[in-house]
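Contents: one structure, followed by commentary.
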Amino acid sequence: MSTPDSAPATNVTAPSAPRRPHTWHRPTGEVDDDYAWMRDVDDPELHAHLAAENAYADGWFAQHTDTIDSIFGEIKSRVRETDMSTPVFNGGWWYVTTTEEGASYPRHHRGPSADTATRHLLLDENVEADGHDYFDLGAFDASHDHSHFAWSTDTAGDERYTLRIRTIADDGTSSELDDVIHDVAHAGTAWSADGSVLFYVRPDEQQRPFQVWRHTVGDATSDDDTLVYQESDERFFVQVGETRSDEWIVIHSGSQTSAEVRLIPSAMPLITPTVVLERRDDVEYQIDHWGDRFVMVTNDGAVDFRILEASIDADWTHPTSWTELVAGESGRRILGCEAFADHLLIHEWAAAQPRLRLLFRDGTERLIDLGPEPHDVNPSANPEWSTTTLRFGTQSLTSPPTLYDEDVVTGERTLLRRLPTPNIELGDYVASRMWAESADGTAVPIDIVRHVDTPVDGTAPGCLYGYGSYEASLPPWFSVARLSLLDRGYVWALAHPRGGGELGRQWYLDGKLEHKQHTFDDMIASSEHLVATGVVAPDRLAIRGGSAGGLLVAACMTQRPDLYASVVAEVPFVDIVNTMSDPSLPLTVTEWEEWGDPRTEPFASAMLSYSPYDNTVPADYPALYATAGLNDPRVSVHEPAKWVARLRDVTTGDAPIVLRTEMDAGHGGPTGRYDAWRDEARTLAFLLATT
């Protein structure tokens with residue numbers, strides 16, 4: 001087992017950021033901020049400072065090269081680098097994705113049968129990524145007759161994609177059309193029934209997807225494209241998609257608390273979209289097409305959502321006679337439903353577990369049984385409308401992703417594939433669930449995994465992961481990289497604090513806006529519980545989170561620096577008061593319903609009470625590894641950069657404070673799998689060295 005190592009880099013000095021006086025004027029009073037200048041991402045001095053931080057990070061990690069190389073090798077050895085997904089039948093073709101040893105990105109194919117699914121190459125991401133330090137495939141969407149593909153790419157990490165159209169004949173001959181559409185959001189695409197029209201979404205200057213456009217296939221540019229819908233309310237994001245029946249194009253406009261849906265018949269793509277139900281405050285809904293009716297998932301009349309239905313008749317444009325199909329049930333959060341010809345697939349969470357439930361047209365229903373162990377379950381690719389087979393995937397902390405086909409009527413289940421995990425003995429690991437008691441007495445679930453030989457006697461190091469925002473429910477997932485920690489005697493735990501959605505809508509409401517402190521209380525209580533029960537040693541506990549989860553761990557770090565030995569904050573949202581006070585910044589306005597608007601009370605005081613940057617005061621802080629992306633449109637690079645600068649100013653201890661910025665990437669970090677593995681190996685090496 002590695003021993004703690006907090007020695008500073010030997011050849012590189014931790015950089016000291018330049019100071020420039022600045023004063024913020026807030027409802028809570030004036031605040032001096034000498035690092036406010038970092039908000040200008042084009043400032044050459046910022047780039048120079050980030051380069052200096054990266055040099056320091058490289059110097060610090062250079063001391064742990066052996067550990068990084070060892071973990072990278074372990075990850076690589078536990079992945080089948082040359083592999084093929086399970087073929088999926090769609091529109092007369094079998095689609096499949098392959099990876100090859102040495103290639104960073106997948107290849108996409110199709111063929112006339114499952115055995116020949118790799119016959120025709122549709123897209124090689126490696127070819128498209130060549131010459132780019134960053135690459136992300138956004139859309140990859142076949143037209144209804146499968147003769148055209150819309151595909152989009154981001155090569156900067158700024159989440160502004162370029163959309164193209166590729167044709168492919170039955171014999172596999174393909175060609176790229178001249179159609180090129182720049183500045184597209186990754187918010188869906190939709191085809192007309194005849195494949196002559198493609199719908200897509202554009203972002204505004206603040207990165208908010210806000211416009212749906214219609215493009216005629218064959219037009220080289222978007223100059224003649226038609227604006228179909230524009231969302232003027234800055235709180236709302238727009239998405240476009242198609243129903244599985246292929247009969248409807250759906251435009252969904254939603255904020256954090258309300259929604260509005262518009263429909264266009266796929267066979268009549270030129271008509272004006274029709275609103276299903278006008279938006280109302282605090283009412284959310286989704287629409288799907290179920291043959292002779294529409295189905296709606298909504299919280300109107302049910303906190304944890306219910307399902308309604310309305311018949312399609314001559315007045316389909318305004319279905320108003322909605323009746324209840326599935327009643328709401330407290331604690332059973334219905335997330336959505338997918339319509340197939342003869343059944344609905346309902347996604348839900350209950351008892352802090354994700355579930356899939358089938359509902360048939362005769363009113364009977366059946367739960368997909370996965371047993372009591374904490375797990376994840378998700379429908380896989382199920383593109384066919386008329387089918388009696390459901391394909392779904394499961395995984396857990398100790399079980400790799402596993403794919404099944406199940407007959408929806410008989411329940412007969414067929415194992416299709418379990419993710420290959422060479423050089424792993426899955427029986428060497430054991431998982432369990434615990435419950436911690438938060439400050440107000442609320443019980444908080446924690447999922448835990450460890451090697452069977454790791455003692456639960458208060459001596460083991462451990463890492464607690466959390467998120468706790470946006471009603472995002474985090475099911476336990478399998479990680480090959482995590483095994484490198486477990487094999488070294490580490491315990492890994494997943495907290496489910498309020499602000500997520502694991503225990504229903506109220507679990508979310510109790511962890512947002514002026515109740516946000518509950519999220520941090522739950523994470524701290526989970527940390528204390530791991531120590532009190534002997535799962536983790538009192539001086540060897542780390543916490544980790546990213547984005548809003550970065551806010552979570554940073555707030556816990558500033559509120560209880562004594563509780564943690566190490567913190568990993570990936571692209572952390574830490575300058576929350578300043579960011580949320582500036583509506584000109586990307587996505588700020590859309591976030592007010594989640595966090596509040598600190599330009600007014602009570603949110604000014606509430607957010608100030610937990611903002612990590614504002615509460616970074618002299619203390620003996622734990623070791624910190626923070627990451628950032630220069631092109632990140634979600635959490636600007638200035639947030640972790642100025643937070644690290646302030647921490648260095650005020651810390652009274654000598655634990656390492658390391659910041660590493662991806663200069664050619666955005667919110668998600670490196671995109672190639674080998675780069676991503678190396679990045680994760682670096683993070684795990686930091687945990688091992690500092691706990």
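Quick look at the values:
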| read-out | value |
| --- | --- |
| Local electrostatic count, residue 382, Cβ distance below 12 Å [Lys/Arg +1, Asp/Glu -1] | -2 |
| Within the chain: Cβ-based charge dipole about Cα centre, in debye rounded to nearest 20 (Lys, Arg +1; Asp, Glu -1) | 1420 |
| Percent antiparallel among DSSP beta bridges (both partners in the chain, rounded to 5) | 85 |
| Rounded to the nearest 20 debye, dipole of segment 384-454 from Cβ charges on Lys, Arg, Asp, Glu | 140 |
| For residue 224, net neighbour charge (Lys/Arg +1, Asp/Glu -1) across residues whose Cβ lies under 12 Å away | -3 |
| Average Cα contact separation per residue, the chain, under 8 Å, 6 or more apart, as relative contact order % | 12 |
| Rounded FRET efficiency, nearest 0.05, which uses the C-beta distance separating residue 275 from residue 652 and R0 of 45 Å | 0.15 |
| Distance between segment 50-117 and segment 364-432 - C-alpha centres, whole angstrom | 22 |
| Protection proxy ranking, peptides 530-542, 329-341, 274-286, average beta carbon neighbours within 10 Å, highest first | 530-542, 329-341, 274-286 |
| Cβ-based net charge around residue 243, under 10 Å, with every Lys or Arg adding one and every Asp or Glu removing one | -4 |
| Segment 214-329 - percent relative contact order, Cα under 8 Å, separation 6 or more | 15 |
| Where labels lie 7 Å past Cα in the beta-carbon direction, separation of residue 380 and residue 245 in nm | 2.7 |
| Cα-based reach from residue 516 at 18 Å (exclusive), listing aspartates and glutamates while leaving out same-chain residues under 8 positions away | 437, 440, 471, 502, 575, 591, 593, 594, 597, 601, 614 |
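Quick note: the coordinates plus some simple rules give every number you see, no bench work behind them. Note that the coordinates shown come from a computational prediction; the quantities given were computed from them, not determined experimentally. When we count neighbours, we look across all protein chains shown, and the Cβ atoms used for this are built from the backbone with ideal geometry, even at glycine.
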